[in-house]
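Below is one structure, written out as structure tokens; the observations come after it.
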Amino acid sequence: MIKIITVIGARPQIIKASAISRAIRNSFASEIQEIIVHTGQHYDETMSKVFFEELNVPKEDFNLQVGSGSHAVQTAHMMIKLEEIFLTEKPHAILLYGDTNSTLAAAVAAAKLHIPIIHVEGGVRSFNKKFPEEINRLICDHLSTLIFVPTLSGIENMRNEGFKIDRKSQLTSDTPGVYHCGDIMYDNSLFFGEAAERKIHWLNNLNVKANEFALLTMHRPSNVDDSRVLEELLKAFVRISDEQNLPFVFPVHPRTLKIIESKISLQTRTALSKSKIRVIPPVSFVEMTLLEKKANIIFTDSGGVQKEAYYFKKPCVILLEETPWQELVESGSALLVGTSPEKIMNAYSYLSGKKDLQFPPLFGDGKASEFICDRILEIVRV
Ligand code: UD1
Ligand code: UDP
């Protein structure tokens, strides 16, 4: 039996953890003991608890209750508390997901204690260190002993950074194992797709009909922290909705909500409330999956949501200048538009008129979680 500590903290990490926890429960329960540590980076019920319940993630063994703060304060508080837990629990390895401050804190704390790190969603790069995620994922990859890469472009990135791919033995953080495995989020979207379909009546509550609305999410600091940028974005979406007579569903991240409530002009907030844009609190993963499956088009700056658009064969307008999921753009089904209202409108016109979008498989076969658990056992087994 090997003992692994999974560290999660932000919404997408709870969702990602559900895929591996499900694989452990179904196929590896007698071989892998998983201890879950929640840093408390996300703490609202709609950003945390709802995912544990709906996705059947085992309740966390520890909650560090770190909460919000500047990057340094948040990361430092996490590191102090994580170090204590790592020293007491003495795990064989630490399992980390993605690129948040929770990932960074756990990676640095574990590396200094010489505990092997397993990084799921490694190799992904946006090549823009202005984004905190790029710093977090670079550091985590370079401290890890096992790196699971969802895409072939990620494997190429790792090769370019000097990593050897598919090394089989004598793995350490200086000579790590790097494996192409597919995306555990694709596993999840396939797994929860049916549950989403069964909830189709929920669309009535939003007063929208399947295939007759757009889905919108925004939470990147570069889009929402500067209220002038956010104001222009909101105005652009009101205009598209009005001109196209197109309802939008906009589940709002708490970061974005705070700026809308405190810094957006009354005029724009009034226009928003009079428009066909349904501004709603964050939704559960199954509800989000339903929205993604039934939307005509998706506008987002979320890493996860842009991939899910692709899984469900939906055109996607990415509200960023670059994406770590460049293959989506290369496929022709997603366009990078940044924050320019004009580019957003043009992208909408172009993608909504396009009937021959292609979605070749890029994210594996829906069994990335099993592959990852198998590999972990092969390598970490004592
Ligand atoms: C974090 C991750 C980002 C990820 C996102 C997923 C980092 C650096 N960023 O960004 O990579 O895409 O999570 O959603 O780790 N807040 C609440 N309630 C909550 C959580 C947050 O009100 O439960 C508010 C607070 O005002 C907080 C702000 O949202 O200051 C931002 O939260 P934070 O976790 O720092 O960053 P995210 O933007 O959520
Ligand atoms: N998500 C959700 N409810 C919402 C918004 C997003 O369940 O109201 C899911 C979404 O389907 C995806 C993940 O959260 O699986 C993405 O998280 P987020 O956009 O917060 O972060 P990112 O992926 O950009 O790091």
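Among helices (runs of 4 or more DSSP H) entirely within the stretch 191-305, having at least 1 residues that are away from ligand 1 (no atom under 14 Å from the Cβ) and surrounded by fewer than 18 Cβ atoms within 10 Å (Cβ to Cβ) singles out 202-205, 227-244, 266-274.
Go through Leu138, Leu152 for me and flag whichever is open to solvent by 10 Å² or more (accessible area, probe 1.4 Å), farther than 18 Å from Asp174 by Cα and among the hydrophobic types (A, V, I, L, M, F, W, C). I'd like the intermediate steps shown before the answer.
Working: Leu138 fails: farther than 18 Å from Asp174 by Cα.
Within the list Leu138, Leu152, the selection yields Leu152.
Of all residue pairs spaced 6 or more apart or on separate chains, those with beta-carbon atoms under 7 Å, a first member in the stretch 298-312 that is free of Cβ contacts under 8 Å to residues at least 60 places away in the same chain and a second member that is within 16 Å of ligand 1 (Cβ to nearest atom) and of a type in the set (Ser, Thr, Tyr) are Gln306/Thr300; Gln306/Thr323.
Residues in the stretch 36-61 that are open to solvent by 70 Å² or more (accessible area, probe 1.4 Å), of a type outside the set (Asp, Glu) and either in a helix (DSSP H, G or I) or away from ligand 2 (no atom under 16 Å from the Cβ) (or both): Lys49, Lys59. Residues in the stretch 103-150 that are hydrophobic (A, V, I, L, M, F, W, C) and in a strand (DSSP E or B) were compared, and the one that is nearest to ligand 2 (Cβ to nearest atom) is Val120. Residues of the stretch 5-24 that are among the aliphatic types (A, V, I, L, M) and either without any contact (Cβ under 8 Å) to a residue 40 or more places away in the chain or more than 16 Å from ligand 1 (Cβ to nearest atom) (or both): Ile5, Ala19, Ile20, Ala23, Ile24. Checked against the criteria, Ile20 counts as within 23 Å of Glu308 (Cβ to Cβ) and buried (at least 16 other Cβ atoms within 10 Å of the Cβ).
Being away from ligand 1 (no atom under 16 Å from the Cβ), of a type in the set (Asp, Glu), in a helix (DSSP H, G or I) and within 17 Å of Asp187 (Cβ to Cβ) is true for just one of Glu342, Glu308, Glu327, Glu370. Which residue is that? Walk me through how you get there before you give the answer.
Values: Glu342 fails: within 17 Å of Asp187 (Cβ to Cβ); Glu308 fails: away from ligand 1 (no atom under 16 Å from the Cβ); Glu327 fails: within 17 Å of Asp187 (Cβ to Cβ).
Answer to the check: Glu370.
The values are calculated or read from the model by the stated rules, or taken from the named source; none is laboratory data. No experiment lies behind these values; they were computed from the predicted model shown. Here the Cβ is made from the backbone with ideal geometry for all residues, glycine too, and neighbour counts use every protein chain on show. Surface areas here come from the heavy atoms of the whole protein model, side chains and all, with no ligands, DNA or RNA. Shrake-Rupley method; radii C 1.70, N 1.55, O 1.52, S 1.80 Å.
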